[in-house]
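Chemist: I'd like to ask you about the structure that follows.
The values are calculated or read from the model by the stated rules, or taken from the named source; none is laboratory data. Predicted, not measured: the structure shown is a model, and the values here were computed from it. Neighbour counts are summed over all protein chains in view; Cβ atoms, including those assigned to glycine, are modelled from backbone coordinates with ideal geometry. Quick note on the areas: whole protein, heavy atoms, side chains included, nothing else; ligands and nucleic acids left out. Shrake-Rupley method; radii C 1.70, N 1.55, O 1.52, S 1.80 Å.
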Amino acid sequence: MPEDVEAATERLKERIYATITMISVVVGLSASDEVESAGAAASIATAALGVWLAALVADQQAHHTVAGRLATGRELRRLLHVSSPLLLAAVGPLILVGVAALGAMPLTTALLTSAVVDIAALFGWGCLGGLRMGGGLPTALIAGVVDAAIGTAVATVKALAGH
């Protein structure tokens, strides 16, 4: 697999993981009666930063274990490039929390809207993957539904757990 395709594949995988994580974070925040916009924004940003740093540390440890040295230069830039979607997953939720902070909608609505948008994104990525598998529209829709079902399951479990 060419390096650019491999990096794009890894970036999408990271974005999907981050999106599922962010669904869990925003649904959990929406269940709290005590969270305010600033706290929600801090939680979202901290979760994204924490997941990104964990991935970066794991990637460096794996590289060091396999290559016998830390990634530097081009290898480090690639690790940063591949892991950057872990930070990007926070952008949508942060924008919606900002809209709520301005009084345009309740915070709970902003958080739940963010979860729905993320589930829709999972559906879209699944459909795109299904189309690229070559199975046509039925395969694309099945793949999209499976991905969206995973996101919905995460949101449902989080909501039922009450946190």
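Chemist: Out of everything in region 104-127 that is over 18 Å from Met22 (Cβ atoms) and open to solvent by less than 60 Å² (accessible area, probe 1.4 Å), what residue ends up being nearest to the chain's Cα centre (by Cα)?
Modeler: Per the stated criteria, the residue is Cys127.
Chemist: Let me ask you something else. Would you confirm whether any residue within region 9-20 is open to solvent by 50 Å² or more (accessible area, probe 1.4 Å), more than 14 Å from Leu111 (Cα to Cα), in contact with a helix residue (DSSP H, G or I) (Cβ under 9 Å, 6 or more places away or on another chain) and outside any helix (DSSP H, G or I)?
Modeler: no
Yes or no, residue by residue, for (1) over 20 Å from Gly50 (Cβ atoms); (2) open to solvent by 60 Å² or more (accessible area, probe 1.4 Å); (3) touching a His at 6+ places or on another chain (Cβ under 8 Å); (4) free of Cβ contacts under 8 Å to residues at least 12 places away in the same chain:
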{"site": "Arg77", "(1), (2), (3), (4)": "yes, yes, no, yes"}
{"site": "Leu80", "(1), (2), (3), (4)": "no, yes, no, no"}
{"site": "Leu87", "(1), (2), (3), (4)": "no, yes, no, no"}
{"site": "Leu94", "(1), (2), (3), (4)": "no, yes, no, no"}
{"site": "Val99", "(1), (2), (3), (4)": "yes, no, no, yes"}
{"site": "Gly129", "(1), (2), (3), (4)": "yes, no, no, no"}
{"site": "Val145", "(1), (2), (3), (4)": "yes, yes, no, no"}
{"site": "Ile150", "(1), (2), (3), (4)": "yes, yes, no, no"}
{"site": "Leu160", "(1), (2), (3), (4)": "yes, yes, no, yes"}
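Chemist: Within region 66-89, is even one residue modelled with pLDDT of 95 or more, within 17 Å of the chain's Cα centre (by Cα) and of a type in the set (A, V, I, L, M)?
Modeler: Within region 66-89, not a single residue is modelled with pLDDT of 95 or more, within 17 Å of the chain's Cα centre (by Cα) and of a type in the set (A, V, I, L, M).
Chemist: Here is a follow-up. Any residue in region 4-31 that is more than 18 Å from Trp52 (Cβ to Cβ) sitting within a Cβ distance under 6 Å of a residue that is among the hydrophobic types (A, V, I, L, M, F, W, C) and open to solvent by less than 40 Å² (accessible area, probe 1.4 Å)? List the pairs, counting only those 6 or more apart or interchain.
Modeler: Sorted first by the residue in region 4-31, then by its partner, the pairs are Val27/Ala115; Val27/Ala155; Leu29/Val35; Leu29/Ala40; Leu29/Leu111; Ser30/Leu111.
Chemist: Got at least one residue in region 34-44 being out of contact with any helix residue (DSSP H, G or I) (no Cβ under 7 Å at 6 or more places or on another chain), closer than 26 Å to Gly151 by Cβ, modelled with pLDDT under 95 and open to solvent by 40 Å² or more (accessible area, probe 1.4 Å)?
Modeler: Yes, region 34-44 contains at least one residue that is out of contact with any helix residue (DSSP H, G or I) (no Cβ under 7 Å at 6 or more places or on another chain), closer than 26 Å to Gly151 by Cβ, modelled with pLDDT under 95 and open to solvent by 40 Å² or more (accessible area, probe 1.4 Å).
Chemist: While we're here: Can you work out which of the residues in region 45-62 that are open to solvent by less than 40 Å² (accessible area, probe 1.4 Å) and touching a residue at least 12 places away in the same chain (Cβ under 8 Å) is nearest to Thr19 (Cα to Cα)?
Modeler: The initial filter retains those residues of region 45-62 that are open to solvent by less than 40 Å² (accessible area, probe 1.4 Å), namely 47-48, 50, 55-56, 60.
Pick out the ones that are also touching a residue at least 12 places away in the same chain (Cβ under 8 Å) and you get 47-48, 55-56, 60.
Details: Ala47: 11, Ala48: 10, Ala55: 14, Leu56: 17, Gln60: 22 Å.
Ranking the qualifying residues of region 45-62, first place goes to Ala48.
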